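Here the structure comes first, spelled out in structure tokens, and everything after it is commentary.
The values are calculated or read from the model by the stated rules, or taken from the named source; none is laboratory data. Please read all numbers here as calculations on a predicted model, not as lab measurements. As a convention, Cβ positions derive from the backbone with ideal geometry for all residues, glycine included, and neighbour counts pool all protein chains shown. We work out accessible area using only protein heavy atoms, side chains counted, and drop any ligands, DNA or RNA first. Shrake-Rupley method; radii C 1.70, N 1.55, O 1.52, S 1.80 Å.
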Amino acid sequence: MSRILPADPSPGVASPTAPPAGAAQHAHRFRPEVQGLRTVAVLLVAVYHVWIGGVSGGVDVFLFISAFLMTLSFVRRIESGSGPQLGRYWARTFSRLLPPVVVTVLGTLVMVRMLYPPDRWYAAIEEAAATVLYSQNWVLAFNAVDYYAADTSQASPFQHFWSLSVQGQVFLLWPLLLALCGLLARRTGRSVTRVAAGVFGAVFLASFAYSVVATRNEQAFAYFDTRARLWEFALGSLLALAVLRGVTLPGALRLVLGWTGLVAIAVCGLVLDVQGSFPGWVALWPLTGAALVILAGHTGDPRGADALLSRRPLLVLGQASYAIYLVHWPVLVTYLVVTDRAKATLLHGLLILLGSIVLGVLVQRFVERPLRPRKGPRAGLHQLGLVVLCVALVLVPAAGARVVLDRQAQETAERAAVESPGAAVLTGSLSWERDPDVPTIPDPLVREGQWSELPESCDAATEDWFEGYKVACSTLPVDPDAEVEAMVIGNSHAEQWLPAVEAVAQDRGWNLRSIVRGACRYQPVETTDNTECQELIRLTQQYIEEQGIDVVFTTSTVTADEGPGEQIAPGFGQVLEDLGEQGVTVVGIRDNPRFPFNMVTCIDQDGPDAERCNPPRAQKLAPQNPAEALTARHENFVSIDMSDWICPGGTCPSRIGNRWVYMDDNHMPRDYVVTMVPAFVEQFDRQLDRPIGQQIDAQRDPQSGQQAVGRSQPPTG
């Protein structure tokens, strides 16, 4: 995804009719080919989004162009002796950028509230605030590599604002660097362009090296990382400095370069893995294309690429390209949500594209143009006031909505024990009937707190042991007199049982720690291809041995998204054998079903009684727990099967006892797991045929917060 700056001829830049007079004037006049290039780029971006479902490399071109134009403007200003005027520049720039953004954000929020599933509303509020605070790229970066982030299988209508955030951050940094260049030039007696070439050359080399390494190691994060994008801005600045220094090329060569650059940009997304390899060195392809178009400049030859780029329709759309970009993505995503499609049809795509152009032109004409910064003695104050107003128009209602949602969630939680008993209804001991006016918990609008953890963070030694491996590490308060050291290991499907395992450990006075990482199941190293998981498994093996762990809790089977497909977890038999040799008891928990769609939104889309949202158990689980076959061969294996509390009566429902059984397509929320704690503890007592340390058979308080119901027998239906 990419973002486009509105056209903004800087003060002192001649009109489109100004005649060229050498390289210096060429650098100072309006450049219609750049304006036309904006239009080509935004249309490429939109076409790729609408029909291809990928990215075109246009974002890199836009970053490059914005730095090119900004550097031209600033260096001219410094060379003229007027100074960088940082405060005035920032007020003018953000007062120009924010009004169309705010209109788009508020309009998108209205669409999300009216047309999207309710679980999208909370995230939309957060992302709207991040957008006007220019931090959306970091939100997406951390979510991209955070296994525990909210479900992102459906794109956010605010996702495209990430590049707005990157550019906003650069618009704060670049003027400071240029002002520093002006200061160094005065102190050293060198020209501003020469000093700036050294500064931006250093930025280019450092950021480019970082980008290549980061893209190779963590491409999903690097794509949104400002540091991995700075070299693209630096390259645009270096080109601007070259133009200012009077670089000229022969006319025939400029014809060739212009078309070469334009074609390179057009085919970039078709011949390169833009989405999987940017912004590393491969991003040089579209940037080189943009540089060639700019170097070719205005050839005056009707055969030149600039002749095409300078045509009036492209120039008119170039004026509105910023607004077109802002609106096209929310329009597309809303269409996909409403129609439940993965991609637009040809006809619908054309309508989306045409509608986005019309909306963009309207926003440019009635919002961007009227509010464009004016000159005058009080212009700076007015611009600053407009910036504050724009930010407040989003943050104030977003904060208010957040307060309302949090209060509703708190009120629902306080009534949960009576109105939403969860798994307790399966015992048959409650005379409970669902009230349709009572919302199901956890509130899909508020997903926070549904990933479980133990009460305390791990000690420094354990944190250091697993440093750099992105583990979630937590522990119960350590009892130096405890006879048993227990541990939860594996992936998120082991982690979600922490409330139940915590109850087992507290009942028996065990020490318990949890060291888990999403998507890293504990299995023999040779059975996984994930290099980071392999290293984490080795570290965990060493940790278990050196810390004298007595009991390990993990998952014993693995289910599939489609069809039954449940089987013993890869290498689980070998895990039992290896840990058995160390005298470690393994408690293997049967996996819960997985689905190819979000089970919360399924009810919103299909209705509460739809079979898709309540599939037969036989479609999701094996007839019997596959791991039971290992109990006879491994004395150190304790098998726990909670499937009767997840798929009772031959069905795997979306909700039980007015609580959501899932918070996405395969993870159970803490609010449901805590209602299964008594059944888990009781089954553990029945399955354990030999004592492990000091067992405490104390009845747990059903109002403690760890359990919502008392001990009970498993359901029989």
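Checking Cβ-Cβ separations below 4.7 Å across the chain identifies CYS181, CYS268, CYS390 as cysteines lacking any candidate disulfide partner. Sorted into 20 angstrom bins from 0, the C-alpha pair distances of the chain split as 16, 41, 29, 13, 1 percent. Per residue, the accessible area of the stretch 321-448 comes to 55 Å² when a 1.4 Å probe rolls over the protein heavy atoms.
Report relative contact order for the chain in percent, whole number only (criteria: Cα-Cα under 8 Å, sequence separation at least 6). Answer for the chain is 14 percent. The value obtained for the stretch 451-538, namely the Cα convex hull volume divided by the number of residues, is 96 Å³ per residue. Listed values for the stretch 137-142 are Karplus-derived 3J(HN,Hα) couplings in whole Hz (6.51 cos²θ - 1.76 cosθ + 1.60, θ = phi - 60°), namely 5, 6, 4, 5, 4, 6, and x replaces Gly and Pro.
With the contact rule set at Cα under 8 Å and sequence spacing of 6 or more, what percent relative contact order holds for the stretch 24-121? Value for the stretch 24-121: 15 percent. Normalised by residue count, the stretch 521-668 yields a Cα convex hull volume of 122 Å³ per residue. Summed over the residues of the stretch 188-243 and divided among them, the accessible surface reaches 37 Å² per residue at a probe radius of 1.4 Å.
Ligands, DNA and RNA left out, the accessible area of the chain computed with a 1.4 Å probe is 57% carbon and sulfur.
Here the simple spin-label model places points 7 Å from the Cα toward Cβ, and for GLU79 and ARG415 these points are separated by 7.0 nm.
Under 5 Å between amide hydrogens, built in the peptide plane, is the criterion, and for ARG655 it picks out VAL661 among residues at least 5 positions away or on other chains. Please state the relative contact order of the stretch 173-331 as a whole percent: Cα pairs under 8 Å, 6+ residues apart? So the answer I get is 21 percent.
Ranked by the mean number of other Cβ atoms within 10 Å of their residues, highest first, the peptides 649-657, 534-542 fall in the order 649-657, 534-542.
The ratio of the alpha-carbon radius of gyration of the stretch 168-253 to the globular-protein estimate 2.2 N^0.38 Å is 1.27. Values of log10 I(q)/I(0) for the stretch 301-430 across q = 0.10, 0.11, 0.19 Å⁻¹ run -0.67, -0.75, -1.13, by the Debye formula with one identical scatterer at each alpha carbon and no solvent.
All alpha carbon pair distances within the stretch 303-352 were sorted into 10 Å bins beginning at 0; the resulting P(r) in whole percents reads 22, 35, 27, 14, 2. From the alpha carbon gyration tensor of the stretch 64-194, can you work out the equivalent ellipsoid semi-axes (sqrt of 5 times each eigenvalue) and give them in Å, largest to smallest? For the stretch 64-194, the semi-axes come out at 39, 16, 10 Å. Which value, in Å² and to the nearest 10, is the accessible area of VAL282 when all protein chains are kept and the probe is 1.4 Å? Looks like 20 Å² after rounding. Counting only Cα atoms, the size of the stretch 259-342 along its three principal axes is 49, 33, 17 Å, in decreasing order.
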